[in-house]
1. In a loop (DSSP other than H, G, I, E, B), surrounded by fewer than 16 Cβ atoms within 10 Å (Cβ to Cβ), at pLDDT below 85 and β-branched (Val, Ile, Thr): does that describe VAL121?
2. Return the only residue of ALA56, ALA51, ALA15 being aliphatic (A, V, I, L, M), under 18 Å from the mean Cα position of the chain (by Cα), within 21 Å of TYR144 (Cβ to Cβ) and modelled with pLDDT under 90.
3. Identify the single condition in (1) exposed (fewer than 13 other Cβ atoms within 10 Å of the Cβ); (2) part of a helix (DSSP H, G or I) that LYS70 does not satisfy, given that it satisfies every other one.
4. When you look at PRO92, is it in a loop (DSSP other than H, G, I, E, B), modelled with pLDDT under 90 and not acidic (Asp, Glu), yes or no?
5. Take the conditions among the polar types (S, T, N, Q) and under 18 Å from ARG146 (Cβ atoms) and apply them to SER63. Does it pass?
6. When the residues of the stretch 74-90 are narrowed to those that are of a type in the set (A, V, I, L, M) and either within 12 Å of the chain's Cα centre (by Cα) or exposed (fewer than 13 other Cβ atoms within 10 Å of the Cβ) (or both), which ends up farthest from LEU14 (Cα to Cα)?
7. For PHE58, are the conditions met, namely being touching a residue at least 24 places away in the same chain (Cβ under 8 Å), of a type in the set (Phe, Trp, Tyr) and assigned to a helix (DSSP H, G or I)?
8. List every residue pair whose Cβ atoms sit under 9 Å apart, with the two residues 6 or more apart in sequence or on different chains, where the first one lies in the stretch 70-96 and is without any contact (Cβ under 8 Å) to a residue 60 or more places away in the chain and the second, anywhere, is of a type in the set (Gly, Ala, Ser) and in a helix (DSSP H, G or I).
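The values are calculated or read from the model by the stated rules, or taken from the named source; none is laboratory data. Quantities reported herein were computed from a predicted structural model and do not represent experimental measurements. Please note: Cβ atoms are built from the backbone with ideal geometry, for glycine as well, and neighbour counts cover all protein chains shown.
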Amino acid sequence: MDKLIEKLGTYQILANLLPGAFFCLALRYVLDVQLPVTNSTIENFLTYYFAGFFIARFSSLLSKFLIYVKFIKHESYTLYVKAEKNDPKLIPMVEVSSFIRSMFAGSLLLIVIYAVQKLPVEWSHISWNLPAILVLAGLLLYAYRRQEWFIRERVIKETDSIDE
């Protein structure tokens with residue numbers, strides 16, 4: 001287990017594991033939503049990690065919305081890549097920013113779950129499996145598209161600097 005955590009690195013722990021653990025534990029202790037009980041440390045670790053992974057994808061969408069409403073502002077990716085080469089403190093700052101964004105997104109999801117719990121409608125007869133899978137698939141599709149955009153921008157930037 002220690003080797004697995006060691007291989008993940010700071011970014012994966014901050015971006016996925018901690019927000020996922022926070023979310024799952026808040027579900028249990030704050031909202032009294034019981035996840036399937038397991039005595040396996042590895043299963044708990046994977047549950048926390050993947051919950052955090054999907055929260056991070058949701059937070060990515062949230063980031064786009066916050067940019068759209070001008071709550072936050074990002075510089076161009078090209079400027080980020082140039083700055084990254086000159087400022088070694090930039091990468092940890094981005095990691096912390098992503099962590100905070102994921103924790104915020106997890107908090108918003110907890111608020112939504114709380115609100116649904118308080119609705120006077122009986123939800124127990126509704127199957128949430130297909131809608132949940134569709135939402136998760138949509139988040140992953142958007143995350144894939146966004147990651148490909150970052151890669152493409154970086155390739156273009158690097159080939160432009162080679163041509164110069």
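1. Answer is yes for this residue.
2. On the way: ALA56 fails: modelled with pLDDT under 90; ALA51 fails: modelled with pLDDT under 90.
Result: ALA15 is the single residue among ALA56, ALA51, ALA15 that is aliphatic (A, V, I, L, M), under 18 Å from the mean Cα position of the chain (by Cα), within 21 Å of TYR144 (Cβ to Cβ) and modelled with pLDDT under 90.
3. Of the numbered conditions (1) exposed (fewer than 13 other Cβ atoms within 10 Å of the Cβ); (2) part of a helix (DSSP H, G or I), the odd one out for LYS70 is (2).
4. On the way: in a loop (DSSP other than H, G, I, E, B): no; modelled with pLDDT under 90: yes; not acidic (Asp, Glu): yes.
Against the criterion (in a loop (DSSP other than H, G, I, E, B), modelled with pLDDT under 90 and not acidic (Asp, Glu)), PRO92 does not qualify.
5. When the stated conditions are applied, SER63 passes them.
6. Here is the first cut: in the stretch 74-90, the ones of a type in the set (A, V, I, L, M) are 79, 81, 83, 90.
From the residues that got through so far, the ones that are either within 12 Å of the chain's Cα centre (by Cα) or exposed (fewer than 13 other Cβ atoms within 10 Å of the Cβ) (or both) too are 79, 83.
Working: LEU79: 24, ALA83: 22 Å.
This residue is LEU79.
7. On the way: touching a residue at least 24 places away in the same chain (Cβ under 8 Å): yes; of a type in the set (Phe, Trp, Tyr): yes; assigned to a helix (DSSP H, G or I): yes.
It is true that PHE58 is touching a residue at least 24 places away in the same chain (Cβ under 8 Å), of a type in the set (Phe, Trp, Tyr) and assigned to a helix (DSSP H, G or I).
8. Cβ pairs passing all conditions: ILE72/SER63; HIS74/SER63; GLU75/ALA83; LEU90/ALA83.
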